Structures are given as C-alpha cells and as structure tokens.
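Below is one structure, written out as structure tokens, with a few remarks after it.
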Amino acid sequence: MNYHWNWHIFFEPNPTGAGTYLDMLLSGLWLTIETSICAWVIALIFGSVVGVMRTLPSKAASWFGFAYVEFFRNMPLLVQIFLWFFVLPELLPHAWGLWLKQLPYAPFYTAAIGIGLFMSARVAEQVRASIGALPRGQKQAATALGLTTAQTYTYVLLPIAYRIILPPLTSEFLNTIKNTAVAITIGLLELTGEARSMQEFSFQVFEAFTAATVMYLLINIVVVTAMRIVERRVAIPGYIAGK
Amino acid sequence: MIEINHVSKWYGPLFQALKDCTTSVARGEVVVVCGPSGSGKSTLIKCVNALEPFQQGKIIIDGISLTDPKTNLPKLRARVGMVFQHFELFPHLRIIDNLCLAQEKVLGRSHDEAAAKAMKLLERVGLTTHARKYPAELSGGQQQRVAIARALAMDPIAMLFDEPTSALDPEMISEVLDVMVDLAREGMTMMVVTHEMGFASKVAHRVIFMDQGEIVEDTPKADFFGKPRSDRAQKFLSKILSH
C-alpha cells in the first residue's frame, strides 16, 4: 500500500478558508454534541411519557403507547430520517411543505427530532419494564396514602424506576450519540460528515477517520463517567449501585 | 364507620374471590379477620380502601360510598390508614420523608409541620434515631413500625392492617403487635387481617372468619374462641393453635 501518512494535515488550512482541518472536525464534533443532546432530551421526555402510558390501566393509553413504540422501533433509523426529511414535506399541504423545505438548519432539526423519536421508543420500553418490575405494593401503598395517580408516578414509582434503568439508559445515550452519524445522509455536517469532507479535500482518509474515532470515544468516555457519577449520587440502600 | 354490604368480587369471569360479604366495623371497634390463605381476607380489606375494585355490593366509610362516582377516592383513602404485609416503605426516601410525603402532597401541610408530626410518631414507635436512614437500613419489624407511623401521620379515622406480621421473624412480631395493641386501647377503629390469635384475644371486639370468599363467622371474640359455630372455623383454629 502506497499510503502517504501525514499527521500534520490537521494543522493545515482547510479549503473553505475558515481555519484548519482540525477546526473543521471540531465544528463537526460540536454539531454532533448539540444534535445528540437535543435528540436525547426528546428521547427521554417522549420515552418517559409513552413508557408510563403503557403501564396505566387505561386501555386507550396503553394501546397508544404500544402503537407508538412499534411504529418507531420497527423501522430502520435511516428510513425514518428519510421519511421526515424527504417525504413529510411532500405529504403536507403545499405551503407547509415549502416552509419546511426552506427552514434554516432543517437537517439539524430533522436529525434531532428523528433520532430523538427513534430512541424514545427504546427509552419507553425500559421505563415500562422498570415500572412493571416494581413491587405492586408500592403503587398500592402510595394510592392508600391518598396520592393521585400522577403523584404516585412522580414521587414514588418513577424515582425508583429511573434509578433501576440508569445503566441501560447510559447505553441508550451512547447509542443516540453514535446514531447522529446517520444525519450525514441529509447533509448535516456533524463529526462523521466533516471527517468525510476532510477525506475528500485532503485524501488523508485514515487520519480523518482516526481523529473522528478518537473524538467519538472522548465524548462517550465523558458520558459514561458522568452517568457513573449520577448513578453513585442517586444510589439508595438496597437497590442497584446501593449498598 | 365501615359498612360492607353484600360485596362480591370476581377475578376474571370464573373465579369469585368474594361471595356476598356483609359486615361492619363500628367506631372504636377492633375487628380481626382470619381464615386460611386464599379465603379472600386480603382482598376484602383491599376493597375497603378501594385498592381492589369489586363488581357487586356497596362499601360505605364514614357515610361515604366507595362506588359513588362523585366520591373523591384519593381524599377518602387519605383518611383511612393502611398497613401492608411487606411494609411498602418507599425505598428512595429517608424514613422521615416517607412519613412527610403524603402529609405534604395530600394534606397540604408545610414541611415543618409534617416533619414535627413525623418525629412525634417516630417517637411513639420508638424509632426517632432512625429518622435519617433509608428503609433498607432497618429491620423488618422496624420497617413495619415506620409503616404504621406513616399511616398514622395522616390522622386516619380508621386503620386497616393486611397481615402486618406475616413477613416478620418471630422475635420482631411482638414489637409490631405492641404498637397495634396500644393503638387499639386508645380507641382506634381497626380492621386487622392476621393469624395472630394472641392479638385477637387480647384486643379484638369481634372476629370474622372467612373461607373460600365467604364470611363464615362474624362473632364477638368470646364466642369465637369459646365455641365457633362452624366446622371450618373449628378446624382452622385447631390447626393454628395446635403448636
């Protein structure tokens, strides 16, 4: 193989005229972080609501939860992103579709919402499983004290349920970060996107993707460490991570 | 205080858990419910707090019908204390917060007021030094005493006990029964599902014997221990009193 290694490439100016190749990758890194956080917030909120709905006695609520989860988890993420980005504007009334297409940062919003909803189905299943695994008496005890259903979930069931699923939620957060790479297909210049353009401009494919790999690894180490600190801080005796 | 009129309950279309049960508990009365396992005694006491739905009959607490659609169930439940077989303390809350939660969220007491009340009740059950601990750090007997204190913190008009000592080691049973005996002597209205015949003979006014979802006997204590009228009650008594 005749590959010409050049690790100095990162400090050479990039063809856009705005800084070095490293700056290019860093801007991609930043966009990856922004997209991941937005997607994760959406996943947590929607996942929690839907997960809770699936545990309610109401038939309608649990049916809606079931349909939601099956819809979002049974389609490949890439297909979902394409649906939101290319198909949705065509299905809407003309004026709305046009507005959507001309929206600034459309790839960013599409990625954040699309990945967020995709991940929310997974979060929902974990929340549901966790609530379902709690002793039935916990809900009865809270109810017997006069707490309403909403209060029972807020003050009793969810605080325990979230503690139990913190380790798998960490994995889902990492998945969310890695899934943002899919957004390259709708033109979002996140980390993978920037690494690819660096490769195209400089032909230094190995350096570009090595750097991208290291950056993904760094974000994930930060997330894993942060989540472990959270786990330790909310640990309760007798439960996971507790004594 | 508690009136149970012709209550029937089915689990699914086939299994009838309660068959036309009728009884009552007067103000200040202590009624012990006993019977073999699967006889419906726990189901009956859970129906009294509307934790289990029933299909036929009526339960009236302090003049308010449980089945009346206008009844505010959470509000009614808050006035009836309930103690469970497995304690059901909230594992993520310290002992003091277990006692404060419903006082604040349901009764609207200030935190200071609730905490003062909680400490007074913890003193009563002899656990003030454990106020800052988590439930898992206490023994079973201590947890059950906390659970009784938690129910009392709501200033209940009646207390329901669902096999409060069945999950305890023999040496811890007496510390829980002592608290219950004191409560009975102070004139608390109590409905107690238990196999502790010593407790029944000490403080109960009436004993209800259930078998296969039916109330077989409902007699003053002296009659029950003197000469139960039914064969089934006699057999039951001879079995549990033989050791």
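The values are calculated or read from the model by the stated rules, or taken from the named source; none is laboratory data. Model, not experiment: these values are computed from the prediction. Note that each Cβ is placed from the backbone with ideal geometry, even for glycine, and that neighbours are counted across all protein chains shown. For the accessible areas, the whole protein counts, side chains as well, though only heavy atoms, and no ligand, DNA or RNA atoms are used. Shrake-Rupley method; radii C 1.70, N 1.55, O 1.52, S 1.80 Å.
Quick one: check the C-alpha center-to-center distance for region B:108-128 versus region B:39-77, whole angstrom. When both Cα centres are located, 28 Å separates them. Within the accessible surface of region B:130-243, defined with a 1.4 Å probe on protein heavy atoms only, the carbon and sulfur portion equals 47 percent.
So what is the relative contact order of region A:18-234, in percent, for Cα pairs below 8 Å that sit 6 or more residues apart? Walk me through the intermediate numbers first.
Details: 230 pairs, mean separation 65.2, N = 217.
After rounding, I find 30 percent.
In order along region B:197-212, the phi-based Karplus estimate (6.51 cos²θ - 1.76 cosθ + 1.60, θ = phi - 60°) of 3J(HN,Hα) comes to 6, x, 4, 4, 6, 6, 10, 6, 8, 9, 10, 10, 10, 10, 8, 6 Hz; Gly and Pro are listed as x.
Here r is the Cβ-Cβ distance between B:Lys75 and B:Arg185 and R0 is 25 Å; the resulting FRET efficiency, rounded to 0.05, is 0.30. Applying both filters, DSSP loop and at most 14 other Cβ atoms within 10 Å, to the trypsin sites (Lys or Arg not before Pro) of region B:52-148 gives B:Lys70, B:Arg132. Taking every residue in B:89-101 and counting other chain Cβ atoms within 10 Å of its Cβ, the average works out to 4. One decimal place: the segment A:Val79-A:Leu218 gains 47.2 nm when fully extended, by the rule 0.36 nm per residue minus the C-alpha distance. Separation of region A:201-240 from region B:1-31 is 58 Å, based on Cα centroids. Inter-chain neighbour count for A:133-141: the average number of beta-carbon atoms from partner chains within 10 Å of each residue's beta-carbon is 5. Full extension of the chain between A:Ala150 and A:Met1 yields a length gain of 47.2 nm, computed as 0.36 nm times the residue separation minus the alpha carbon distance. The phi torsions of region B:103-114, fed into the Karplus equation with coefficients 6.51, -1.76 and 1.60 and a -60° offset, translate into couplings of 4, 7, 7, 9, 8, x, 6, 6, 4, 5, 4, 5 Hz, rounded to whole numbers, with Gly and Pro shown as x. For region A:18-234, the share of accessible area belonging to carbon and sulfur comes to 72 percent (1.4 Å probe, ligands and nucleic acids excluded). The protection proxy used here, the mean number of other Cβ atoms lying within 10 Å of each residue, ranks peptides A:104-111, B:150-157 as follows, highest first: B:150-157, A:104-111.
Counts of other chain beta carbons within 10 angstrom of each beta carbon in peptide A:151-163 average 3. Computed from phi, the 3J(HN,Hα) profile of region A:203-212 under the Karplus parametrisation 6.51, -1.76, 1.60 (θ = phi - 60°) reads 6, 8, 5, 5, 4, 4, 7, 4, 4, 4 Hz, with x in place of Gly and Pro. So if we plug the beta-carbon distance of B:Ala116 and B:Glu137 into 1/(1 + (r/R0)^6) with R0 = 22 Å, what FRET efficiency do we get, rounded to 0.05? Efficiency, rounded to the nearest 0.05: 0.45.
Between the amide H of B:Glu214 and those of B:Lys19, distances stay under 5 Å, these residues lying 5 or more places away or on another chain, with hydrogens modeled in the peptide plane.
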